[in-house]
1. How many angstrom lie between the Cα centre of segment B:246-288 and the Cα centre of segment B:108-132?
2. I'd like the distance between the alpha-carbon centres of segment A:129-190 and segment B:160-213, rounded to an integer number of Å.
3. Which value, to two decimals, describes the C-alpha radius of gyration of segment B:114-167 once divided by 2.2 N^0.38 Å?
4. When a/c is below 1.5 the answer is rounded, else prolate if a/b is larger than b/c, else oblate, so apply that to segment B:1-159 with a ≥ b ≥ c taken from the square roots of the Cα gyration tensor eigenvalues.
5. Rg and Dmax of segment B:109-204, Cα atoms, in Å?
6. Over all alpha-carbon pairs in the protein assembly as shown, figure out the percentage whose distance exceeds 49 Å.
7. Taking the Cα centre of each part, how many Å lie between segment A:302-324 and segment A:60-105?
8. Would you mind telling me which residue in B:23, B:148, B:223 has the biggest mean-square fluctuation in a Gaussian network model of chain B, where springs connect alpha carbons within a distance under 10 angstrom?
């Protein structure tokens with residue numbers, strides 16, 4: 001028994017020392033040389049990473065795609081929009097999920113590594129402004145009021161509901177919002193404060209929207225923002241606030257998000273496709289076509305608002321004619337810009 | 001013997017001053033006992049509440065599909081097949097790498113070099129420090145070293161190597177403790193008969209210490225099985241709908257799957273996550289009980 005155990009240990013040691021370097025050697029490229037396409041795990045794998053907001057949608061498409069092409073493997077990761085672009089611009093992934101357009105810095109990094117990409121909008125994500133259901137003084141907030149609450153100067157100053165609007169009760173104002181690494185935070189600050197990444201620091205942030213749901217549901221004085229899908233699943237525990245951008249109070253619904261009347265808190269979400277991968281692995285084109293043809297029903301199922309057919313057609317044309325680069329020209333989040341205008345302008 | 005008889009006996013033997021002193025000391029003893037009990041109960045209570053909550057949420061979802069299906073956007077069709085495979089193979093490879101490395105290191109440190117050497121002390125301090133390094137740091141190391149530099153990609157092997165590094169210090173510390181517990185008289189006896197250092201280690205010290213070493217290894221693996229952060233860092237994925245084919249395949253593991261389900265808006269997924277937690281916990285408890293059984297089986301009496 002004892003000899004057996006010792007023998008096993010030795011064999012294991014040998015096996016490990018013998019095996020470990022072997023798989024490393026053939027697949028080890030010179031690390032300095034940037035890969036053009038994603039390192040091929042094999043030709044039938046489409047590597048996708050990026051925003052955790054977009055992941056449920058892409059995963060749903062990947063799930064359905066198994067019926068079309070059972071041999072193709074489509075794994076999806078959730079490194080976040082920024083983390084996803086880092087890998088994408090390093091040539092490590094084929095497709096990057098993004099809840100905001102590519103930024104200047106990421107744009108430059110991709111260019112340095114010779115990565116060309118095709119930008120495709122896939123759905124709208126509405127952002128909901130939420131209070132606790134026992135809150136009986138707020139029905140609607142103007143963008144101006146939201147800005148007063150969230151701008152960096154408000155830190156330590158706007159601490160009570162009565163400071164938000166004349167007539168609100170003098171109760172403490174408890175703020176909940178998306179974590180600063182998320183595309184949701186980037187977009188919210190751009191849309192409300194006017195500058196991406198600028199907000200007060202004294203709010204409770206979480207990358208996990210379910211934590212924010214719990215927070216607002218348990219705090220009478222709460223004011224928070226997060227993805228509309230999370231409000232819809234928890235509508236009994238939360239109260240939705242309408243947003244007034246100057247044209248009256250509008251609640252986020254599929255209609256108001258899609259026709260652009262729910263402004264400025266509805267944003268398009270994207271996938272970015274590595275152009276080199278597209279040529280190296282033809283199955284990717286099939287996958288993207290399948291994506292754009294089926295995404296409208298799937299978007300509703302996972303809680304997002306589909307784009308109009310016109311925009312999907314424009315996106316498909318963009319893919320087929322291999323239009324690379326960003327319609328936002330590396331500007332990051334932009335507010336109130338119509339997708340169809342941007343896409344058609346290119347033609 | 002009851003405390004009254006004790007007191008009477010005490011009263012006969014000592015004066016009344018000593019009796020009151022004895023009573024006081026017994027009272028202190030009982031107070032400490034109560035405090036100790038309370039301390040245990042606080043820990044246990046939270047554990048029981050937590051377990052109860054998870055089991056109540058997860059029980060309806062503990063069904064065969066949980067083990068046979070891939071993840072899906074519909075909770076009813078979702079399972080953790082790919083995550084179970086990932087966890088199983090990762091633990092196996094991690095053990096195969098960390099066990100021989102860790103035990104060899106421990107043998108060298110305990111049996112071959114003197115503890116008083118300056119470099120032995122430096123190694124010792126560093127190993128203890130490594131055991132306390134946050135796991136995400138190992139993830140960053142794995143990303144730089146295995147995924148990028150060695151070109152392993154976001155593979156199971158890269159994950160297992162990272163995990164092996166993570167548990168190595170724990171295994172070394174545990175194995176050293178086990179080796180140190182072997183009485184030196186055993187070694188001396190073997191040396192007296194002309195055995196070489198390697199023969200002494202192989203035939204006497206290692207077999208005696210094996211139960212302790214295995215306990216340490218399994219406890220280290222129990223830590224690795226619950227780790228999420230380093231694997232997300234090296235790029236483990238969340239949606240995988242195919243079987244693992246080789247150690248160089250992309251992968252996911254149970255804690256990542258659970259983490260992903262919890263973050264989804266649909267509420268059924270949090271119940272599904274609870275079921276996943278129950279499965280993970282059962283695996284963990286099985287591993288821990290295995291450690292206890294092994295320790296009992298192989299325990300040496302001196």
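1. What the calculation gives is 37 Å, centre to centre.
2. Here the answer is 62 Å between Cα centres.
3. Numbers: Rg = 14.0 Å, N = 54, 2.2 N^0.38 = 10.0 Å.
Taking the Cα Rg and dividing by 2.2 N^0.38 Å, one obtains 1.40.
4. Values: a/c = 3.98, a/b = 1.57, b/c = 2.53.
Oblate shape, in that a/c is at least 1.5 and b/c is the bigger or equal ratio.
5. 17.9, 53
6. Cα-Cα pairs of the protein assembly as shown separated by over 49 Å account for 27 percent.
7. 16 Å
8. B:23
None of the figures in this text is laboratory data; all of them are computed from the coordinates on show. All of these numbers come straight from a predicted model, not from anything done at the bench. Note that we place each Cβ from the backbone using ideal geometry, even for glycine, and neighbour counts take in every protein chain shown.
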